[in-house]
Structures are given as C-alpha cells and as structure tokens.
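Single-structure report; data block below.
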C-alpha cells in the first residue's frame, strides 16, 4: 500500500562547523574566475536566429501583400529585394545600437 517515510537529515559536526582552516578550501564551490558566463557565451547566435526569423516573416509578408495587389512577377521580385535590403539595414543598425549601448 502507500506508506510515507519521513527522513530527517542533519549536517555532521565537522561539516557544520569546520574548525580546521584547510577544511574551508574543500567547501569552496568555485572561484569567480572559474565560472562560465553563459549569458555572454553565444549572443551572436541569439541575434542571428532572431534576425533570420524577423527577416523571413517581414519579407514574406511584404511579398504576399504585393502579390495580392499586383500580379506581375517583376513587382514581386523588386518588392522582395527592397524589403530584404531594408530589413538587413534595419537589423544591422538595431544590433549596432544595442551593442553600442552596452558599452
């Protein structure tokens, strides 16, 4: 059947209050220079994924809108190219301002 077991744990005497200074070295989890900052590790990947997603959605939406209004292939290609260039410039300027503001 269902049985509940309660367990109480306490720290050992030498762990709770170490008296030997050498024992404190064993208790250290890591030095500040040994840590890895995962927030700064792959910021370029984050920016690339978000930029690609934004670019695909905005250019596809622009081309769908132009395709609905005009049936010529030339108008769709010109609008897609213009949207691609405008989106690339927008993302580049936005990323530059973001990085510049951090420093």
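The values are calculated or read from the model by the stated rules, or taken from the named source; none is laboratory data. Just so it is clear, the structure is predicted and the values come from calculations on it, not from any experiment. With ideal geometry, Cβ positions are generated from the backbone for all residues, glycine too; neighbour counts draw on all protein chains shown.
The table for this structure:
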{"item": "Checking residue 87 against (1) in contact (Cβ under 8 Å) with a residue 12 or more places away in the chain; (2) outside any helix (DSSP H, G or I), the condition it does not meet", "result": "(2)"}
{"item": "Looking only at region 66-80, and only at residues there that are in a helix (DSSP H, G or I) and surrounded by 12 or more Cβ atoms within 10 Å (Cβ to Cβ), the one that is farthest from the chain's Cα centre (by Cα)", "result": "75"}
{"item": "The lone exception for residue 74 - which of (1) modelled with pLDDT under 80; (2) out of contact with any helix residue (DSSP H, G or I) (no Cβ under 9 Å at 6 or more places or on another chain) it fails", "result": "(1)"}
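Every residue, every condition in (1) loosely packed, with under 13 Cβ neighbours inside 10 Å; (2) part of a loop (DSSP other than H, G, I, E, B); (3) under 16 Å from the mean Cα position of the chain (by Cα), yes or no:
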{"site": "45", "(1), (2), (3)": "yes, no, yes"}
{"site": "50", "(1), (2), (3)": "yes, no, yes"}
{"site": "55", "(1), (2), (3)": "no, no, no"}
{"site": "64", "(1), (2), (3)": "yes, no, no"}
{"site": "92", "(1), (2), (3)": "yes, no, no"}
